[in-house]
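Asks: Just dropping this structure here.
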Amino acid sequence: MKHATAANECDIKVFCCPKSGNSLEEYEDAWAHRQTRTPVGIRVAVADGATESSFAKLWAVLLAESYMRSEVAGAEFFARLKPARRLWRRRLAGRPLPWFASEKAEQGAFAAFLGVQIDAHKNRWTALAVGDCCLMQVDDVGKGMRVVEAFPLQKSSQFTMSPYLIGSRSDGESLNERIQISKGSLRDGDMLLLATDAVAAWLLRQHEEGRPLWKWLYRKLGTPESFAAMVAYGRKNGLRNDDFTLVRVIHHGSPVEAKER
């Protein structure tokens, strides 16, 4: 019998930390998630604020929370960001800023974004992205931890220092050519990882070089201490110093359905 609630379908954990040497207040990524009723499942988002832009943390938070609260999973989500952009401007309006900060704020804030909707009853996911926050799906059915999907980037070499980003000030520029959408199916035990760019690129590179961390992420990652241990290991082994955000979702589907497929 299928479980009635999304909490029983998906085990979700969020791990994050700021750049080495920075305080948590300087962390400029954002994440958000909630359970959904129609479809039964979850919505989860991560956003990576661009440090060189003004008030990027606020914009990343507004993007992630807008997706979490939204009911749409396709490109139309980006056409509905007027309230988030208005709120970003309003939050800035009450802050006394020196002239150079005010001038920078006029250019707006920018962030990379990834949103994923999981339909737990149909065992499907839909992902929406602009930029280089990544979704990685790892199949645990055969215990071989095979990478089923990497989206929107598939290889560590595809990451650059100038990804497409979403701006807090809409200047009429169309995002259509920058929006990427993907869909996939889930089986019992599959793991979805949503990660900001530095973590995603490093995990893919570890995989490409024959040192995958998928089994460790699946079985050992569970506490802030275990995440800190992974980050410490990574910083000694090629992980770029950045804000890190990693959301792990383990899907628990119907055992009957898993056998039939």
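Only the coordinates and a few stated rules stand behind these numbers; no lab work does. Bear in mind the structure is a predicted one, so any value in this text is a computation, not a measurement. Please note: Cβ atoms are built from the backbone with ideal geometry, for glycine as well, and neighbour counts cover all protein chains shown.
Asks: For the chain, set up a Gaussian network in which alpha carbons nearer than 10 Å are linked by springs, and say which option among Val46, Val148, Val138 fluctuates the most.
Replies: Result for the chain, Cα springs under 10 Å: Val148 fluctuates most.
Asks: Nearest 10 degrees is fine. How inclined is helix 197-208 to the longest principal axis of the chain, computing both from alpha carbons?
Replies: 30
Asks: Something else about it: Would you please give the residues with an amide H less than 5 Å from that of Asp243, counting only those at least 5 places away or on a separate chain, with H modeled from the backbone geometry?
Replies: Amide H neighbours of Asp243: Lys19.
Asks: I need the phi-derived Karplus couplings for the stretch 38-51: 6.51 cos²θ - 1.76 cosθ + 1.60, θ = phi - 60°, integer Hz, Gly and Pro marked x.
Replies: With the stated coefficients, the stretch 38-51 comes to 10, x, 5, x, 9, 10, 9, 9, 10, 9, 10, x, 7, 4 Hz.
Asks: Please give the helix 224-235 orientation as an angle from the longest Cα principal axis of the chain, in degrees from 0 to 90, rounded to the nearest 10.
Replies: 70
Asks: Go through Lys13/Lys183; Lys183/Lys236; Lys19/Lys82; Lys155/Lys215; Lys57/Lys220 and tell me which ones have a Cα-Cα distance over 28 Å in this structure. Walk me through the intermediate numbers first.
Replies: Numbers: Lys13/Lys183 22 Å; Lys183/Lys236 35 Å; Lys19/Lys82 31 Å; Lys155/Lys215 19 Å; Lys57/Lys220 30 Å.
In this structure, Lys183/Lys236; Lys19/Lys82; Lys57/Lys220 lie more than 28 Å apart at Cα.
Asks: Sort Lys236, Lys57 by Cβ crowding within 10 Å, fewest neighbours at the top.
Replies: Fewest to most other Cβ atoms nearby, the residues stand as Lys236, Lys57.
Asks: Would you please give the residues with an amide H less than 5 Å from that of Thr36, counting only those at least 5 places away or on a separate chain, with H modeled from the backbone geometry?
Replies: Those qualifying (amide H under 5 Å, at least 5 residues apart or on another chain) are Gly41, Ile42, Arg43.
Asks: HN-Hα J couplings of the stretch 123-133 from phi, Karplus 6.51/-1.76/1.60, θ = phi - 60°, integer Hz, Gly and Pro as x?
Replies: Going residue by residue, I get 6, 9, 10, 10, 10, 9, 9, 9, x, 10, 6 Hz, with x marking Gly and Pro.
Asks: Work through the residues other than Leu221 whose Cβ is under 12 Å from its Cβ and net out their charges, Lys, Arg +1 and Asp, Glu -1.
Replies: Surrounding charge for Leu221 is +3.
Asks: For Asp29, which sequence-distant residues (separation of 5 or more, or a different chain) have an amide H within less than 5 Å of its own amide H, given hydrogens modelled in the peptide plane?
Replies: Hits under the 5 Å cutoff: Gly49.
Asks: Using Cβ contacts closer than 10 Å as the measure, can you line up Cys134, Cys10 from fewest to most?
Replies: Lowest count first: Cys10, Cys134.
Asks: Return Leu194, Leu114, Leu175 ranked ascending by Cβ neighbour count within 10 Å, so the fewest neighbours appear first.
Replies: Arranged by neighbour count, lowest to highest, Leu194, Leu114, Leu175 become Leu175, Leu194, Leu114.
Asks: Dividing the convex hull volume of the alpha carbon atoms of the stretch 6-260 by its residue count, what do you get in Å³ per residue?
Replies: Looking at the stretch 6-260, the number lands at 129 Å³ per residue.
Asks: Using a 10 angstrom Cβ neighbour count of at most 12 plus a DSSP loop assignment to flag exposed GluC sites (Glu not before Pro), which longest range of the chain is free of such sites?
Replies: 72-172
Asks: Compute the helix-to-body angle for 82-93: its Cα long axis versus the longest principal axis of the chain, expressed 0 to 90° and rounded to tens.
Replies: 50
Asks: Oh, and also: As a test of the formula, what do you get for the chain when each DSSP H run with n ≥ 4 contributes -39,500 (n - 2.57) and the sum is divided by the residue count, at 222 nm and rounded to the nearest 500 deg cm²/dmol?
Replies: Values: 8 runs with 74 residues, N = 261.
Per the formula, -8000 deg cm²/dmol.
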